[in-house]
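The values are calculated or read from the model by the stated rules, or taken from the named source; none is laboratory data. If you're wondering where the values come from, they're calculated on a predicted model, not measured in any experiment. Here the Cβ positions follow ideal geometry from the backbone for every residue, glycine too, while neighbour counts run over all protein chains shown.
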Amino acid sequence: MTEQEAGLRARLVSVGVDLVTQEGAQALSLREIARRAGVSHGAPRRYFPTHLELLSAIAREGFAELGAEVAEELRGGKEPGGGEESPRAQLAALARIYVDFALSHRGMYELMFRHDLLESNSLGLRETSLPLFNSLVDLVGRVRPDVRAPDVAGALWANLHGIAQLWGWGSLQLATGADGVEPLVRAALDAHLRPEPR
């Protein structure tokens, strides 16, 4: 692929990221991405033979952004006194970042977890999401060495995903009367990890 072709491919993905951010996943048609990128409606097919491949490339950007936020938090996780944050505190930070990302990037979040994209594994999308899950498994294992960490991490992830989805739809506010997601995230952590000692 020439430099010019790589540049156009990157521009198509960038336009897709902007489009999903502004208008949601339902707006991601090949024709609209091509129009906004200023190319013919057939141009995206030269770089992404299927619509799934282009959507997967866009979703990879979402996983990269979320993964970078989590990695930065885990790298820089220090207590105010300069000591290393506990695995529990790091897990709480990861949970907050995950739910905040889901709520502030709703279109991208929806795209990232579309079953058809993950199932097709176009462009290795499943492998792109695994480092984030592995960080969750590692932290759960350090907090709860007495459990099978992948199972608890999977349950916690599903719980966080559900909180984000239900909060985004407005359902949790109606059901719980909560003013924010923080108490719900804390309750999910306590449910899966045992409550923190007071």
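Only a single criterion out of (1) farther than 16 Å from Arg88 by Cα; (2) modelled with pLDDT under 95 is not satisfied by Leu166, namely (2). Number of residues in the stretch 105-123 that are without any contact (Cβ under 8 Å) to a residue 24 or more places away in the chain and over 13 Å from the mean Cα position of the chain (by Cα): the value is 3. The set of residues from the stretch 169-198 being in a helix (DSSP H, G or I), over 23 Å from the mean Cα position of the chain (by Cα) and not small (Gly, Ala, Ser) comprises Leu174, Thr176.
I need the full set of residues from the stretch 93-127 which are of a type in the set (Gly, Ala, Ser) and at pLDDT 80 or above, in order please. Selection gives Ala93, Ala95, Ala102, Ser104, Gly107. Within this structure, Gly162 fails the test of being touching a residue at least 60 places away in the same chain (Cβ under 8 Å), over 25 Å from Arg75 (Cα atoms) and in a helix (DSSP H, G or I). Is it true that Ala89 is in contact with a Phe, Trp or Tyr (Cβ under 9 Å, 6 or more places away or on another chain), in the same structural domain as Ala164 (by TED's automatic domain parsing) and small (Gly, Ala, Ser)? The answer is no for Ala89.
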